């Protein structure tokens, strides 16, 4: 069932989403709280949040202007290689999971970041990327699972350390994105979807 609409309150900038104003802090806290509590309110449903990406730390998997779909889930449901949403202090981070989530926490890294992020506590986990619209085309979750991680990270490291190639790739992507029919004025939406429970 569709949820409320709000202006784009989930944005990725480089490694984290900057909280340069009180409003950004409030928006980040709201997203984190709603995603953490969605399973408590509706155990048979998952919350999916849609937002536009504005950073470059997940190139070539995620590009500025892409629209990401992030689904709330348990840390146990996400495995290494998947892209997950986490919170650190007042900032939201959308990076690839390097280690399994445990009571001691987990480690994330941007595909084109020079190094992994500092370890996150276990309660920083919010959800995982399940889809993205890039340059007018939609990709679903299998594209973001562990099988895609090695090549994406390898190309990401090249883009991280080769500025001219990175700029060229961003220019070409921007040209392709602006020629797509999707409007650049994206508003974040959230929806609740039912989850089929499997009996064990």
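Residues in the range 68-90 that are surrounded by 15 or more Cβ atoms within 10 Å (Cβ to Cβ), modelled with pLDDT under 90 and under 14 Å from residue 121 (Cβ atoms): 1 in all. A Cβ distance below 7 Å, combined with a sequence gap of six or more or placement on separate chains, defines the contacts here; from the range 51-67, residues that are under 12 Å from residue 131 (Cα atoms) reach residues that are modelled with pLDDT of 90 or more and part of a loop (DSSP other than H, G, I, E, B) in the pairs 61/111.
So, residue 114, is that one surrounded by fewer than 16 Cβ atoms within 10 Å (Cβ to Cβ), touching a residue at least 12 places away in the same chain (Cβ under 8 Å), touching a helix residue (DSSP H, G or I) at 6+ places or on another chain (Cβ under 8 Å) and closer than 30 Å to residue 161 by Cα or not?
Numbers: surrounded by fewer than 16 Cβ atoms within 10 Å (Cβ to Cβ): yes; touching a residue at least 12 places away in the same chain (Cβ under 8 Å): yes; touching a helix residue (DSSP H, G or I) at 6+ places or on another chain (Cβ under 8 Å): yes; closer than 30 Å to residue 161 by Cα: yes.
Answer is yes for this residue.
Within the range 82-113, the set of residues being within 13 Å of the chain's Cα centre (by Cα) and assigned to a loop (DSSP other than H, G, I, E, B) comprises 82, 110, 111.
Checking the range 5-24 against the condition returns no match, with no residue being modelled with pLDDT of 85 or more, under 11 Å from the mean Cα position of the chain (by Cα) and crowded, with 21+ Cβ neighbours inside 10 Å. Residue 135 falls short on exactly one of the conditions (1) at negative phi; (2) at pLDDT below 95, and that condition is (1). Restricting 175, 153 to residues that are part of a helix (DSSP H, G or I), at pLDDT below 90 and surrounded by 18 or more Cβ atoms within 10 Å (Cβ to Cβ) narrows the list to 153.
The values are calculated or read from the model by the stated rules, or taken from the named source; none is laboratory data. Predicted, not measured: the structure shown is a model, and the values here were computed from it. Here Cβ is always computed from backbone atoms with ideal geometry, including for glycine, and neighbour counts include all displayed protein chains.
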